[in-house]
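The values are calculated or read from the model by the stated rules, or taken from the named source; none is laboratory data. Since this is a predicted model, take the numbers as computed values, not measurements. Virtual Cβ from ideal backbone geometry, glycine too; neighbours counted across all protein chains shown. We work out accessible area using only protein heavy atoms, side chains counted, and drop any ligands, DNA or RNA first. Shrake-Rupley method; radii C 1.70, N 1.55, O 1.52, S 1.80 Å.
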Amino acid sequence: MSPVLPRTWRAPAMAALLLLVSVVSASAHAGSVAFWRVVIDADDARSEILLSLDDLARMAPSIGSTVGDVPVERLDAARQAVIAHFVVTADGIAVPAEVVSARVLASGLLEVRLQHQIADAAASLGVRSTFHAITDASHRVVTRVERRGGSDAFVLTRETEAHTVPPVERAQSATPGVLAMVRLGIAHILTGYDHLVFLACLLVPGGTWRSRVAIVSAFTVAHSLTLILGAMGLVALPARFVEPAIAVSLAYVAIENLLALGTARSESGPYQTVRSRRTCPTVSDRPGDRLSPTRWPTAFLFGLVHGLGFAGMLDVLDLPLRQWLAAVLAFNVGVEVGQLAVVGVALPLIVFLARSRWHRPVVQSTSVVVLGLAVVWFVERLQ
């Protein structure tokens with residue numbers, strides 16, 4: 001039997017693979033998120049900051065990824081960067097701060113603790129993060145400020161990098177802004193390349209409208225379920241397992257696409273180049289028609305894994321139940337809005353391709369590209 005990928009498409013597919021790998025490598029920090037908890041007392045404040053090791057790799061290569069305490073001196077330039085970009089302010093002026101400890105968590109994040117000295121307790125206090133200058137413009141900081149029993153939770157971005165802490169007499173438990181959490185969910189799915197690539201790889205082979213709706217619905221229900229359970233702490237898996245597993249899910253559906261193409265070809269006879277150039281694919285040529293009955297269970301199964309990846313965004317907010325529920329639901333709404341927007345734009349193109357003579361080459365080349373990306377991401381995440 002001839003190879004699954006036609007010879008004329010091997011060079012374009014490899015070129016696309018190399019291009020996408022370079023793009024992914026160049027944008028490895030896009031969409032990164034930090035978590036910042038600030039506890040303010042009468043004359044000082046304490047910060048707990050969770051950062052991606054990838055965001056600090058260039059400044060502190062000696063940190064490593066071994067779980068446990070990290071000597072402060074091993075933070076190298078990252079120590080001054082954290083002090084400079086995570087700031088507690090009094091009357092708009094940064095107060096003195098120092099790093100007191102650091103450790104690598106089992107989740108793969110670096111926890112840095114800071115001590116801030118507040119000279120005037122009556123001053124107007126605030127927090128400011130400009131860490132997006134270190135990472136990228138889309139960087140977000142999910143922040144929680146506690147002050148004498150009250151709390152305030154919000155998201156800092158390049159557009160809204162500062163927040164004023166309410167006075168003590170007005171401090172109260174506050175839910176993160178619903179719109180802010182919705183926007184965070186949208187931003188997370190739009191910059192979550194692996195989630196979008198997985199969904200696209202499920203849909204590209206085609207199938208009926210019913211099967212496409214079943215795929216999107218199964219993926220949505222599954223990742224919503226584990227997002228909520230993971231954020232509640234009822235389901236807990238370390239990021240070092242979840243992230244490689246997401247890469248495996250991409251490889252699985254890509255290989256499944258290629259095998260379906262090979263099966264269709266072997267059953268319909270030798271690949272007929274003349275016919276494929278002049279006519280649309282027959283039913284036997286469409287891998288989606290063969291995969292439709294089993295695609296939604298695949299989407300559901302791996303959607304559970306992807307949901308645990310989403311849950312990592314929220315499991316450090318440590319909000320009371322009522323506030324936590326509003327934050328999680330708003331975040332999940334944002335994820336769904338972003339996902340539906342992408343599907344709404346991509347699906348007409350996918351349907352058009354499924355009815356065209358280019359369908360088989362497109363499925364073949366994209367599946368090869370996705371398989372290559374999955375291997376790259378799997379190796380990166382194991383490290």
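Distances between placed amide hydrogens fall under 5 Å for Val165 paired with Leu125, Gly126, Val127, all partners being 5 or more residues away or on another chain. Stokes-Einstein, applied to the Kirkwood radius of region 340-383 over Cα pairs at a viscosity of 1.306 mPa s and 10 °C, places its translational diffusion at 130 µm² s⁻¹.
Working with all protein chains in place, sort Ile186, Ile40 by solvent-accessible area computed with a 1.4 Å probe, largest first.
Details: Ile186 45, Ile40 5 Å².
These residues rank, largest area first, as Ile186, Ile40.
Across region 92-138, Cα-Cα pairs more than 17 Å apart make up 56 percent of the total. Nonpolar atom fraction for region 116-165, defined as the carbon and sulfur part of the 1.4 Å probe accessible area, stands at 48 percent.
Our estimate of slack between Asp69 and Ala346, defined as 0.36 nm per intervening residue step minus the Cα-Cα distance, is 95.2 nm.
Could you rank the peptides 78-89, 62-73 by their average count of other C-beta atoms within 10 Å per residue, with the highest value first? If you can, show how the numbers build up before the last one.
Working: 78-89: 20.1, 62-73: 12.2.
Highest to lowest by the protection proxy: 78-89, 62-73.
In plain terms, the chain from Asp54 to Leu329 could stretch by 96.2 nm, reckoned as 0.36 nm per residue minus the Cα-Cα distance.
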